[in-house]
Amino acid sequence: MFFNRTHLMKLKKLLFSSQRSLLLLNQEQPTYNYTQKCNYVDVKMKWKKDAFYDSIEIIHKSPELKALISLKNCIVNASDDCIPIDAVSKRGRELGVPMKVARFMRQYPSVFEEFAGPKYNLPWFRLTQEAINLDKEERGVYSDQNFELILRLKKLILMTKQKKLPLRIIEGMLWYLGLPEDFLQNPGANLDKSFKLVEMGDGLQGLTVNPDRSIMLSVMQKNALKRGNYIEGPSAPLAFPLFPSKGLRLKRKISNWLDEFQKLPYVSPYEDSSHLNPCSDVSEKRVVGVLHELLSLFVDQSAERKKLLCLRTHLGLPQKFYKAFDRHPHMFYLSLKSKTCTVILKEAYNDDSAMETHPILEVRKKYIKLMNESKIILKDRRQKKRFDGLGDYNSEVGTDSEAEDRCAVGLSVGAIFQPKCNKESRAFQLIELTGLIMLHTMCNQKSKHVMT
């Protein structure tokens, strides 16, 4: 191929401009900005069940607890501290109740006390004394720890690209942040002067906050400072703490990639990441760092995976950011319990000193303990009904009734050994026969006692 003079001059200009741009890039931008590459080996990872994380009660009872506290607040806000069932029976979806509201409230007699209402021929509910005491303790925590709770909301907003977040998204995050559900009803009284309401277009209102350098250190950076191995600078590497589950082994290719991944520079979730190549490993490490910091702000360091999707664009995450949970099983655990996918930050349950305990966590644990007491109450009620039914039985059992019982037992035995009976029907009939024999024996003993 032949070049004329015009082509040679253009080629010289192109080479000169490219060399000059490389020199400027060396002077102005971090070193990892132009050495970014993607070395991840795309190997399908098998999900490994871990019974330890699947048995954490505060996480897996969280949906029921959220509905219970919403119903508790309805009763507390009522004028008479009690409500008829029709006041909440049609608000089940709004309150997050997974079944009929009346049935749900009757499942927890340790929290809700049912009684005959004063006005309508309907069941009414009020709180038990234990629930009233817990409600007072909960409100005391909201009052005393208000600064700590607001700080977590402030950090969430500062993690966003534009340093502002729509109110409807914040409302969906209130439960995870440990804030009361009526927090945004009066933002002027609940928020300090660093917050400001702004318009975000399409008729949406948002909340912004003034940047504060003193609180813009992530949990990873704070823990590194405690250990004394934190190096300041844009290209400083910082390794994530890993907690492998029992029996979980990574393939050699993924293990080698993970070793190199840990040596990459750590990009804080509060820093600008617009210069990062979205297909590079450094960008992948920034995504993992954002998810790590986000979960560390929550009460129990976990959340339903689908509830995090609304934060994607605001936090500058890629479209399929949730795949990072699958690619880093030593950091995150995906629990498939209770017919949903819950993301759990492993570090919070393996290193007690790594995370700051949320102020409202202990109160929620007490609520769950009170909920568990309902099982004992319901069991005692069933046993009492069973014995009351036997007590109402006629104590003076005559020969006619004894003959009827013997006849019933004989019929049951004959039905069990019929050739056309299948295994399931025989099993149920055998249980019924056992109950008849026990009832017959108890009646005989009672009749003898009456005769003596």
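Looking at the structure I just gave you, is Glu304 modelled with pLDDT of 90 or more, closer than 20 Å to His330 by Cα, open to solvent by less than 10 Å² (accessible area, probe 1.4 Å) and not hydrophobic (A, V, I, L, M, F, W, C)? No. Comparison of Glu260, Glu293 shows that the only residue that is in contact (Cβ under 8 Å) with a residue 24 or more places away in the chain, in a helix (DSSP H, G or I) and open to solvent by 10 Å² or more (accessible area, probe 1.4 Å) is Glu260. Taken over region 170-194, residues that are more than 27 Å from Ser62 (Cβ to Cβ) and either touching a helix residue (DSSP H, G or I) at 6+ places or on another chain (Cβ under 6 Å) or touching a residue at least 12 places away in the same chain (Cβ under 8 Å) (or both) amount to 2. Of the candidates Gln221, Gln205, the single residue that is under 28 Å from the mean Cα position of the chain (by Cα), surrounded by 12 or more Cβ atoms within 10 Å (Cβ to Cβ), over 22 Å from Leu294 (Cβ atoms) and of a type outside the set (Val, Ile, Thr) is Gln205.
Looking at Glu232, is it at pLDDT 85 or above, open to solvent by 70 Å² or more (accessible area, probe 1.4 Å) and over 24 Å from the mean Cα position of the chain (by Cα)? No; evaluated as a whole, the condition is false for this residue.
Considering region 40-154, the qualifying strands (runs of 3 or more DSSP E), each wholly inside and each with 1 or more residues that are without any contact (Cβ under 8 Å) to a residue 24 or more places away in the chain, run over 112-116. The residues of region 235-246 that are at pLDDT 80 or above and either polar (S, T, N, Q) or open to solvent by less than 90 Å² (accessible area, probe 1.4 Å) (or both), listed by number, are Pro237, Leu238, Ala239, Phe240, Pro241, Leu242, Phe243, Pro244, Ser245. Here is a check on your reading of the model: is Ser245 more than 29 Å from Trp47 (Cα to Cα), within 31 Å of the chain's Cα centre (by Cα) and of a type in the set (S, T, N, Q)? No: the conditions fail for Ser245.
Let's see how each residue does on (1) touching a Cys at 6+ places or on another chain (Cβ under 9 Å); (2) among the polar types (S, T, N, Q); (3) open to solvent by 30 Å² or more (accessible area, probe 1.4 Å):
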residue: Trp47; (1), (2), (3): no, no, yes
residue: Asp50; (1), (2), (3): no, no, no
residue: Asp54; (1), (2), (3): no, no, no
residue: Glu57; (1), (2), (3): no, no, yes
residue: Ala67; (1), (2), (3): no, no, no
residue: Ile83; (1), (2), (3): yes, no, no
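If the condition is being under 25 Å from Asn277 (Cβ atoms) and without any contact (Cβ under 8 Å) to a residue 12 or more places away in the chain, then region 311-343 contributes Arg312, Thr313, Gln319, Lys320, Lys323.
The values are calculated or read from the model by the stated rules, or taken from the named source; none is laboratory data. The shown structure was predicted, so the numbers you read here are calculated from the model rather than taken from an experiment. Glycine gets a Cβ as well: all are built from the backbone with ideal geometry, and neighbour counts include every protein chain shown. When the accessible area is computed, the model is the full protein with side chains, heavy atoms only, and any ligands, DNA or RNA have been set aside. Shrake-Rupley method; radii C 1.70, N 1.55, O 1.52, S 1.80 Å.
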